[in-house]
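Below: the structure, in structure tokens.
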Amino acid sequence: MKSTVAQKTEIQQPVVNKGVDKETGVTFYVVKSDSDPNTWYQVRWNEQALEWQCNCVSRKPCKHQRAVNAVLVAQRQMEQRDRYFQWKQREEQDAIDAEYAAQVKEQERQAYRNFEASCGYYDHPWA
Ligand SMILES: [Zn+2]
């Protein structure tokens, strides 16, 4: 649970958009200003400093950097959740397939038993 003081300094519903630098091809993010809807701050990852950098005037790390981080964390969590559900679906499908294969095998056995019973052969083909 966040404290009231911390909540005041965070963007409640951050508007974060992804952009690509046309010259360098590097991905960056723009975060809409809380106070001015016409202002967007650029948040870029700095490879040398290994940290997000924002072009606003606030003390760093600023709420725009945190907003980008929060969006990326949420995105990663969603991707992880998607992968988990895909994996779970595969596991369930595998279980269904295995059950079906066992049923087919049992039907084959039954067919051979019926054949044995009908003509008196006792050589089990699966032995
Ligand atoms: Zn900022």
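Taking all Cα pairs closer than 8 Å and separated by 6 or more residues, the relative contact order of region 10-119 comes to 16 percent. The longest stretch of the chain left intact once loop-based chymotrypsin sites (Phe, Trp or Tyr not before Pro) with at most 14 other Cβ atoms within 10 Å are removed from consideration, loops following DSSP, is 1-120. Mind running the shape call on region 10-119? Use the C-alpha gyration tensor, a ≥ b ≥ c as the square roots of the eigenvalues: rounded below 1.5 for a/c, prolate if a/b tops b/c, oblate otherwise. Cα axes put region 10-119 in the prolate bin.
For the pair GLN107 and SER33, the difference between a 0.36 nm per residue extended length and the Cα-Cα distance amounts to 19.8 nm.
Considering only GLN107, SER33, GLN86, the residue lying farthest towards the positive end of the dipole of the chain is SER33, judged by Cα position with unit charges set on Cβ.
Counting other Cβ atoms within 10 Å as a rough exposure proxy, the listed residues SER35, SER58 run SER35, SER58 from fewest neighbours to most. Three principal axis extents of region 30-79 based on alpha-carbon atoms, in descending order, are 32, 26, 14 Å. Across region 41-56, the residues whose backbone nitrogen lies under 16 Å from the label position 7 Å along the beta-carbon direction of VAL15 are 41-43.
A short reminder: the numbers here are calculations on the coordinates, not readings from a lab. Everything numeric in this text was worked out from a predicted model, so none of it was measured. Because the Cβ atoms are built from the backbone with ideal geometry, glycine has one as well, and the counts that use them run over all protein chains shown.
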